[in-house]
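Encoded as structure tokens, the structure appears first; notes follow it.
Just so it is clear, none of the values below were taken in a lab; they were calculated from the coordinates. These numbers were taken from a predicted model, which means no experiment stands behind them. Virtual Cβ from ideal backbone geometry, glycine too; neighbours counted across all protein chains shown.
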Amino acid sequence: MTYSEKVLEHFRNPRNVGEIIDADGVGTVGNPICGDLLTLYIKVRDGKISDIKFKTFGCGAAIATSSMITELAKNKTLDEALKITRNDVANALEGLPPIKMHCSNLAADGLKEAIKDYYSKRGVKLDEKKIIVLDDCPSCGFELKPFRDKSIKFCPRCGVKVTKEV
Ligand code: FES
């Protein structure tokens, strides 16, 4: 079995390893094929993944794919990040041996779970479009979290629309 240089490089120097204590979303997935485990943490700012970290108890390919998915997902919108597939991860790593393709599922599923968790903390089930109130006003930066329960539509300070469909 031969690994690409890129896989070996991400295995030796994995990016974004660790934990985000105050993460906005956390996803833990196990790989049913081998029993390996991944936890992925995301921080979301203005609808984009502003920070992302992972902890993986698994094989070298699982570590490389976890590392790569953090690079692919960082600074993407949640919608864009949800579209990252296991093939995208494998391609970005310049391929994986066929017997190791399942390892890239761990990374792709972990990211999806973390995004699902982010939405469910806001009362949104993924795949169900809903109107949510933004964290901060896009115009004046006023913090809107305290007003979320009141279902406001416009910023109490500057009057700009502060909802979006997710
Ligand atoms: Fe378990 Fe690779 S062998 S994720």
Checking residue 109 against (1) over 19 Å from residue 51 (Cα atoms); (2) in contact (Cβ under 8 Å) with a residue 60 or more places away in the chain; (3) of a type in the set (D, E, K, R), the condition it does not meet: (1)
In region 67-116, the residues that are among the hydroxyl-bearing types (Ser, Thr, Tyr) and more than 13 Å from residue 42 (Cβ to Cβ): 67, 85, 104
Residue in region 111-146 that is surrounded by the fewest Cβ atoms within 10 Å (Cβ to Cβ), counting only those that are of a type in the set (Val, Ile, Thr) and not in a loop (DSSP other than H, G, I, E, B): 131
Residue, farthest from the ligand (Cβ to nearest atom), within region 1-28, restricted to residues that are assigned to a loop (DSSP other than H, G, I, E, B) and more than 17 Å from the chain's Cα centre (by Cα): 13
Cβ pairs under 6 Å, 6+ apart, first in region 61-81 and at positive phi, second basic (Lys, Arg) and within 16 Å of the ligand (Cβ to nearest atom): none
Condition check for residue 108: of a type in the set (A, V, I, L, M), in contact with a Leu (Cβ under 7 Å, 6 or more places away or on another chain) and part of a helix (DSSP H, G or I): no
Helices (runs of 4 or more DSSP H) lying entirely in region 29-96 (those with 2 or more residues that are within 13 Å of the ligand (Cβ to nearest atom)): 60-73, 86-92
